[in-house]
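Below is one structure, written out as C-alpha cells; comments come after it.
None of the figures in this text is laboratory data; all of them are computed from the coordinates on show. Just so it is clear, the structure is predicted and the values come from calculations on it, not from any experiment. Here Cβ is always computed from backbone atoms with ideal geometry, including for glycine, and neighbour counts include all displayed protein chains.
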Amino acid sequence: MIKRGILIVSFGTTYPDTRAVTIDAIETEIAAAYPGLSLYRAWTSRRIIEKLKNTMGEHIPTVSEALQGMKTDGITDVYIQPTHVINGIENDQMKEDALAVQKDFRSISFGAPLLSSTEDMKAVVRIIAHSFSYLNPSEALVLMGHGSEHYANTVYPALDYMFKEMGHPNVHIGTVEAYPELIHVMEILEKNNIKKVHLAPFMIVAGDHANNDMAGDRENSWKSVFEKKGYDVVCHLKGLGEYREIREIFVKHLKTIL
C-alpha cells in the first residue's frame with residue numbers, strides 16, 4: 001500500500017516568537033495545501049535541538065529521527081521540503097542523512113531551497129523591494145545573510161547584483177560568515193551619500209543573528225558599526241518566513257516534486 005508523507009526540514013531557532021511566524025507558518029501553509037498527506041518536522045541544528053530540549057522540554061527530531069518515525073508510520077514515499085535559503089551545507093547534510101536510509105522507502109524526493117533558480121531570485125527581489133518601496137534615495141536597505149564556505153554562497157553576491165539590475169540600487173546584501181562582508185557594503189554606502197540605513201535579516205527566522213549580530217547593542221553588531229559611522233539606523237526584525245509570498249515559493253517547490 002502506497003502512503004505518502006511530507007517532511008519539512010528547517011535549521012531551527014530558539015526564539016519562539018519568530019518561530020511561530022516563520023517556520024510554524026510555513027508548515028501550516030504546506031499542511032493546508034496538502035491536507036491528505038501526513039506532515040512531519042525535522043531540524044538540522046543539533047545545537048538548537050539540544051538547547052530547546054534543555055530549556056523548554058520540547059524535542060524536535062533530526063532528519064534521521066523523523067525518517068525513522070515515518071518508517072514506523074508506514075510511509076512509503078517521502079517528500080522532503082527544506083526551508084533553507086540556499087543549497088548549502090545544511091541542505092547537503094539533510095540529503096546525506098535521508099539517502100542513508102533510502103532503502104527503507106519506496107522513494108525519497110527533495111524539494112528545492114528558497115533560492116534555487118534565477119526565477120526564485122527574481123521573485124525574492126520583487127518581494128523584498130516591494131516591502132521597502134518607501135525608501136527614499138538617501139536611504140539604503142542592508143540585508144544580513146548568513147553566508148557559508150559552501151560554493152552555494154555565490155547566490156548572495158548574485159542576488160545583490162540582481163537587486164541593482166532590477167532597479168533597486170540602494171538594496172545591498174552582506175553576510176555574517178562569508179562574502180560579501182559588512183565592510184564591502186559600507187564602502188558602497190560611503191560613495192552613495194546615504195544618510196539612513198535599514199537593517200533586515202535575509203534569513204528565514206529573525207533569530208540569534210538578527211537579534212544580536214544585526215540589531216544588538218554590542219560593539220561589533222551591524223547596528224552599532226553603522227551608528228558609529230554616523231548613520232541613522234532602523235532595524236527590522238522580520239524573517240523571510242514572515243512574507244506570505246516567500247512561504248508560497250516553498251509551497252511551489254514542494255508542488256514540483258509532488
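Return the calculated 222 nm mean residue ellipticity for the chain, to the nearest 500 deg cm²/dmol, obtained by summing -39500 (n - 2.57) across DSSP H runs with n ≥ 4 and dividing by the residue count.
Details: 10 runs with 105 residues, N = 258.
Using -39500 (n - 2.57) per qualifying helix, the result is -12000 deg cm²/dmol.
Histogrammed with a bin width of 10 Å, the alpha carbon distances of the range 51-117 distribute as 19, 44, 31, 6 percent, first bin at zero. Starting from the Cα gyration tensor of the range 133-258, take the square roots of the eigenvalues, sort them a ≥ b ≥ c, and report rounded, prolate or oblate (rounded when a/c is under 1.5, otherwise prolate if a/b is larger than b/c, else oblate). Since a/c reaches 1.5 and a/b is larger than b/c, the shape of the range 133-258 is classed as prolate.
Measuring r between the beta carbons of residue 21 and residue 138 and using R0 = 35 Å, the FRET efficiency lands at 0.70.
Which links in 51/228; 3/53; 196/228 stretch past 22 Å when you go from one Cα to the other? Write down the numbers at each step before the final one.
Details: 51/228 34 Å; 3/53 30 Å; 196/228 13 Å.
Check vs 22 Å cut-off fails for 51/228; 3/53.
Mind pulling the angle between the C-alpha long axis of helix 155-165 and the longest principal axis of the chain? Nearest 10 degrees, somewhere in 0 to 90. Once rounded, one gets 50 degrees.
Cβ-to-Cβ counts within 10 Å put 18, 76, 118 in ascending order as 118, 76, 18, the fewest first.
What net charge is computed for the residues neighbouring residue 201, neighbours being all others with C-beta under 13 Å from the C-beta of residue 201, Lys and Arg scored +1, Asp and Glu -1? Result for the neighbourhood of residue 201: -1. Rounded to 0.05, the FRET efficiency of the residue 39 and residue 71 pair, given R0 = 25 Å and the Cβ-Cβ distance, is 0.95.
For the range 151-258, a simple Cβ point-charge model (Lys and Arg +1, Asp and Glu -1, everything else neutral) yields a dipole of about 340 debye relative to the Cα centre. Along its principal axes, the chain has C-alpha extents of 65, 39, 31 angstrom, given from the largest down.
Could you work out the per residue convex hull volume over the alpha carbons of the range 1-69, in cubic angstrom?
Values: hull volume 5.9 nm³, N = 69.
Spelled out: Cα convex hull of the range 1-69, divided by residues, is 85 Å³.
Distance between the pseudo-spin-label points of residue 119 and residue 258 (7 Å out from Cα toward the beta carbon): 1.8 nm. The listed peptides 211-223, 162-174, ordered by packing as a protection proxy, come out as 162-174, 211-223 (highest mean of other Cβ atoms within 10 Å first).
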